[in-house]
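Worksheet: one structure, shown below.
The values are calculated or read from the model by the stated rules, or taken from the named source; none is laboratory data. Predicted, not measured: the structure shown is a model, and the values here were computed from it. Every residue, glycine among them, receives a Cβ derived from its backbone with ideal geometry; neighbour counts consider all protein chains shown.
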Amino acid sequence: MGEINVITGRGGTGKSTFTALFARYVYAKPLLLIDLDPDESLAKMLGVDLEKEGKDSISEALSRIIEKGRKSRGKDDSPDLLRRMMEEEKIIYRDRKFDLITLGTKFAPGCYCLPDEMIKETIRNIQAHYEMILVDSPAGLEHLNRKVTPEINDLFVLLDPSEKSAKHIERIKYVTKGVNIHYQHFYLVGNYRFSDEIETYLLRSGEKYLGRIAYDPLVRERNLKGESLLKIPEDSPSSLSVKKILQEAGYVLV
Ligand SMILES: Nc1ncnc2c1ncn2[C@@H]1O[C@H](COP(=O)(O)OP(=O)(O)OP(=O)(O)O)[C@@H](O)[C@H]1O
Ligand SMILES: [Mg+2]
């Protein structure tokens, strides 16, 4: 059964950038990436244009299922259609190094209950096919409440150098405990704006602090242009620091 590793943190801390570089440097075959963020930015960072590839997010697929169901006056069976779509490779993008599934933007007002249920079922169905599943999360804690991944191997918390980030650590522990999410390891990662001062504080906090991601103008530039992070040089500051962080957590690198 593939291990599930989740990247979480406050808004704009660098979660998706870290996820993309994680995917690039970790040795895991086969590897599945899941983007839970409705802004769907991970695909771009991986150089993937899902629309051009003819792929749907889970929410888009559901929207289509419901529309079809309406047209056939409720004769369609949603879970079955989802399975059919999986077989048709409609919601899964396959690359040489990884596969990618995105949750997408919800199609109707209200909660994410139905798309969440669908992605949970999808993970249950395909987890055994992967050595590793990496999950990029939306900002904040809401996604934890939704309990899309109740059993996590490594939980990575991306931190910016603010007091709120320090409080965020406690909030994550509180929420995961409250909703019964289990994790094997709880890892803290400093983002590219980290200071020595907050690093010293975290090193004394008793939590496992893996290090910080270096500021990298190339990352900024590529993200601004919507270009892939998979081709930035292996010895760039972001690459070197992410590789160091992954090694610190005990991962084998490519
Ligand atoms: N190592 C880095 N060096 C320079 N800029 C970076 C680095 N990592 C991330 N950034 C920049 O920080 C911004 C936020 O990054 P990213 O989108 O990865 O964060 P996020 O936590 O996924 O955001 P969101 O909460 O919106 O999902 C982007 O403009 C990105 O280019
Ligand atoms: Mg993101």
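Hey, among the residues in the range 12-47 that are over 15 Å from Lys231 (Cβ atoms) and of a type in the set (S, T, N, Q), which one's farthest from ligand 1 (Cβ to nearest atom)?
Among residues in the range 12-47 that are over 15 Å from Lys231 (Cβ atoms) and of a type in the set (S, T, N, Q), the one farthest from ligand 1 (Cβ to nearest atom) is Thr19.
Counting just the residues of the range 189-214 that are over 22 Å from the mean Cα position of the chain (by Cα) and under 12 Å from Pro161 (Cβ atoms), which one comes out surrounded by the most Cβ atoms within 10 Å (Cβ to Cβ)?
Leu202
Quickly run through the range 201-221 and pick out the residues that are among the basic types (Lys, Arg) and away from ligand 2 (no atom under 16 Å from the Cβ). Write out each step before concluding.
Residues of the range 201-221 that are among the basic types (Lys, Arg), as a first pass: 204, 208, 212, 220.
The answer is Arg204, Lys208, Arg212.
Residues that are touching a His at 6+ places or on another chain (Cβ under 8 Å) and farther than 17 Å from Ser16 by Cβ: list the strands (runs of 3 or more DSSP E) wholly contained in the range 75-184 that include at least 1 such residues. Working first, answer last.
Numbers: elements: 99-102, 132-136, 151-159.
Where strands (runs of 3 or more DSSP E) fall fully within the range 75-184 and carry at least 1 residues being touching a His at 6+ places or on another chain (Cβ under 8 Å) and farther than 17 Å from Ser16 by Cβ, they are 151-159.
Just name the residue that is surrounded by the most Cβ atoms within 10 Å (Cβ to Cβ) out of those in the range 8-36 that are assigned to a loop (DSSP other than H, G, I, E, B) and away from ligand 2 (no atom under 13 Å from the Cβ). Step through it out loud before you land on a result.
Residues of the range 8-36 assigned to a loop (DSSP other than H, G, I, E, B): 10-14, 27-30, 36.
Keeping just the survivors that are away from ligand 2 (no atom under 13 Å from the Cβ) gives 27-30.
On the way: Tyr27: 12, Ala28: 21, Lys29: 11, Pro30: 15.
Applying the filter and picking the extreme gives Ala28.
Yes/no matrix, rows are residues, columns are (1) of a type in the set (Val, Ile, Thr); (2) surrounded by fewer than 16 Cβ atoms within 10 Å (Cβ to Cβ); (3) not in a helix (DSSP H, G or I):
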site	(1), (2), (3)
Glu40	no, no, yes
Lys44	no, no, no
Ala61	no, no, no
Ile65	yes, no, no
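Among the residues of the range 139-158, write down those that are modelled with pLDDT of 95 or more and within 15 Å of ligand 2 (Cβ to nearest atom).
Selection gives Phe156, Val157, Leu158.
Being more than 16 Å from ligand 2 (Cβ to nearest atom) and hydroxyl-bearing (Ser, Thr, Tyr) is the filter here, so list the residues in the range 227-241 that pass it.
Ser236, Ser239, Ser241, listed by residue number.
Can you find a residue in the range 113-122 that is away from ligand 2 (no atom under 16 Å from the Cβ), without any contact (Cβ under 8 Å) to a residue 40 or more places away in the chain, over 23 Å from Tyr25 (Cα atoms) and surrounded by 18 or more Cβ atoms within 10 Å (Cβ to Cβ)?
First pass over the range 113-122, keeping only residues away from ligand 2 (no atom under 16 Å from the Cβ): 113-122.
So of that shortlist, the ones also without any contact (Cβ under 8 Å) to a residue 40 or more places away in the chain come out as 113, 116-117, 120.
Right, trim to over 23 Å from Tyr25 (Cα atoms) and you get 113, 116-117, 120.
Okay, now just the ones that are also surrounded by 18 or more Cβ atoms within 10 Å (Cβ to Cβ), so 116.
Yes, the conditions are met somewhere in the range 113-122.
Of the conditions (1) away from ligand 2 (no atom under 16 Å from the Cβ); (2) surrounded by fewer than 18 Cβ atoms within 10 Å (Cβ to Cβ), Leu224 fails just one. Which one is it?
(1)
How many residues are within 16 Å of ligand 1 (Cβ to nearest atom) and of a type outside the set (Val, Ile, Thr) when one looks only at the range 48-68?
Of the range 48-68, the ones within 16 Å of ligand 1 (Cβ to nearest atom) are 48, 57.
Filter once more, so that each one left must be of a type outside the set (Val, Ile, Thr): 57.
So the count comes out to 1.
Could you give me the residue pairs with C-beta distances under 8 Å whose first residue belongs to the range 236-254 and is over 15 Å from Tyr192 (Cβ atoms) and modelled with pLDDT of 95 or more, whose second residue is more than 16 Å from ligand 1 (Cβ to nearest atom) and assigned to a helix (DSSP H, G or I) wherever it lies, and which are 6+ apart or on separate chains?
Close Cβ pairs (under 8 Å, with a partner that is more than 16 Å from ligand 1 (Cβ to nearest atom) and assigned to a helix (DSSP H, G or I)) amount to Leu253/Gln247.
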